[in-house]
Every structure is written in C-alpha cells, then in structure tokens.
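First up is the structure itself, then whatever we jot down about it.
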Amino acid sequence: MNTVDLHTLTGAYALGALSEQEAAEFTRHLAHCEACTQEVRELQETAARLALAVAEVPPADLRLRVMAALPEVRQLPPIRHEATVVPLRRRARHRLPYFAVAACLAIAAVAGGLAVNARQEADQQRDRTTRAEEQAAAVSALMAAPDATFHTTAFKGGGNGTVVASKRLGRAAFLYHGLPALSGQRVYELWYSRNGTMVPAGLVEPGRSTGTMLLTGGPQGADGVGVTAEPPGGSSSPTSAPLGLLRV
C-alpha cells in the first residue's frame, strides 16, 4: 500500500474498520504523519460525541404515566396453539441467526451514520482551515502593499483595534485585541463611513477577543471605519453609538 492510499484510511482507522494488517501498517504511518494523526484524533472525538448524542434519558414521569394508563388497557385473550414441543437447543438454533443479523444491521447502521457524520465534520474543519489560511495570506499581502496604511485606536469599554487598508488592492482588514465580551449576546459590527453614510463592513466572530478579519467591501471612497455593538446577526445601520472610529 502506498502513502497516498494510507492518507485515505483515517476514517476507517478511527472507527476500527481496518483489518489487523492494515491497522498495523496505518499505525506505523501515523508515527511519521502529523496530518493524519490530527485527523484521526478529530474523527475519534467526533465519533464519541455522536455516540453520546444518540443516548436518550426517559422523562422522569414516564413510569407514572404508564402505570396510570394500565387500568384503561384491555387485556387480549390468550392465543391458543396446538401444543408443539420444540427442544430448547433447536429453538435457539432458529432464533440466533435472526438476532445476529439484526444486531449486525443495527451496528452497520450506527457505524455508517458515524462515518458519514465524522467525514462531514472533518470536511467542515478542513474548509474552516482553508478559509483561515486564505485570509491569512490576504492579510499578509495587504500589510505588505506599498500604499498600506495603519490606524490604531482604543475602544470605549476596553480593547483596541487597527485598520490596515490598501486602496491599490481594494482591501482592508481589522486587527483587534482585548475586546471585552458583550452583554445580551450582542456582537461587534464594523462600518465604512462614506460621506456620512455608514455601510456594513462585517461582524467580529462572537466569543473572540483577539483576532484578524478582512472587511467586506473595499476602502475606496471611505474616510473611516467605525465599530459598534449590535444585536445578534448585525444590523443594516448602527443602533448604538460608536465604540471607536479609525481613519482609513
């Protein structure tokens, strides 16, 4: 098995679906492949969370409701059959294959669902990583632009931010540090100021106090960037006084 084939076995390895020989070979591969090691760890954690998610605790009053309903349930009369004595071993031989097949089908269904969900979550993680790498490359290019400008200010309530802009590239980025958490699930929203009109320029990712983000749209025609606290999802126009204003 070549290295390319080994890279495709992370999901099967995480779910224990490889043969002994394949598992042993893949284990040796993990000792030299950090990417596969990380992906296997994430898939195993995802599978564990999904397994816990299917467990349901019955309501506390379920037993009381069942017992209360029993007097209203009519008991069926006994069903009469011709007496046929079947040895216990014979009956077990007939029943075991059915239960074995049912168990295998149940396990296969659960394992298949776990594998699909684990793969989907891994794909989403890779998409997030790809977007983060693309944004980091764009911000690096922006900061290296010959006409890049840098303006920094402190915000009311704490934290500070810097706007990096290049009209030549038509891009701007917001670098922030120490932003305090907002009450009422509000979010930080950025705005371009264009001739007195505030144009939405993006939302700071909730829960992050430090980070970098590319602004939506370009800085052309803008004389500044404002930051406000807005309801979840942001607003089409500011609903509160600016926490900070930065020149562009």
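How many of the residues making up the range 181-208 are part of a loop (DSSP other than H, G, I, E, B) and open to solvent by 50 Å² or more (accessible area, probe 1.4 Å)? Here the count works out to 9.
Right, residue 234: in contact with a Leu (Cβ under 6 Å, 6 or more places away or on another chain), more than 21 Å from residue 144 (Cα to Cα), without any contact (Cβ under 8 Å) to a residue 60 or more places away in the chain and of a type outside the set (Phe, Trp, Tyr) or not? Break it down stepwise before answering.
Values: in contact with a Leu (Cβ under 6 Å, 6 or more places away or on another chain): yes; more than 21 Å from residue 144 (Cα to Cα): yes; without any contact (Cβ under 8 Å) to a residue 60 or more places away in the chain: yes; of a type outside the set (Phe, Trp, Tyr): yes.
Criteria met by residue 234.
Given the options 169, 142, name the one that is in contact with a helix residue (DSSP H, G or I) (Cβ under 9 Å, 6 or more places away or on another chain) and either touching a residue at least 60 places away in the same chain (Cβ under 8 Å) or not in a strand (DSSP E or B) (or both).
Numbers: 142 fails: in contact with a helix residue (DSSP H, G or I) (Cβ under 9 Å, 6 or more places away or on another chain).
After ruling out the rest, the residue left standing is 169.
Put simply, of 159, 170, 178 the only residue that is at positive phi and surrounded by 13 or more Cβ atoms within 10 Å (Cβ to Cβ) is 159.
Any residue at all in the range 225-239 that's open to solvent by less than 50 Å² (accessible area, probe 1.4 Å) and charged (D, E, K, R)? Yes, the range 225-239 contains a residue that is open to solvent by less than 50 Å² (accessible area, probe 1.4 Å) and charged (D, E, K, R).
Of the residues making up the range 125-146, those that are within 23 Å of the chain's Cα centre (by Cα) and loosely packed, with under 13 Cβ neighbours inside 10 Å are 126, 127, 128, 129, 130, 131, 132, 133, 134, 136, 137.
Taking the listed residues 212, 228, the one that is modelled with pLDDT under 90, in a strand (DSSP E or B) and at negative phi is 212, with no other qualifying.
The values are calculated or read from the model by the stated rules, or taken from the named source; none is laboratory data. Since the structure is predicted, the reported quantities are computational estimates derived from the model, not experimental observations. A quick note on method: Cβ atoms are made from the backbone with ideal geometry, for glycine too, and the neighbour counts reach across all protein chains shown. Heavy atoms of the whole protein, side chains included, go into the accessibility calculation; ligands, DNA and RNA do not. Shrake-Rupley method; radii C 1.70, N 1.55, O 1.52, S 1.80 Å.
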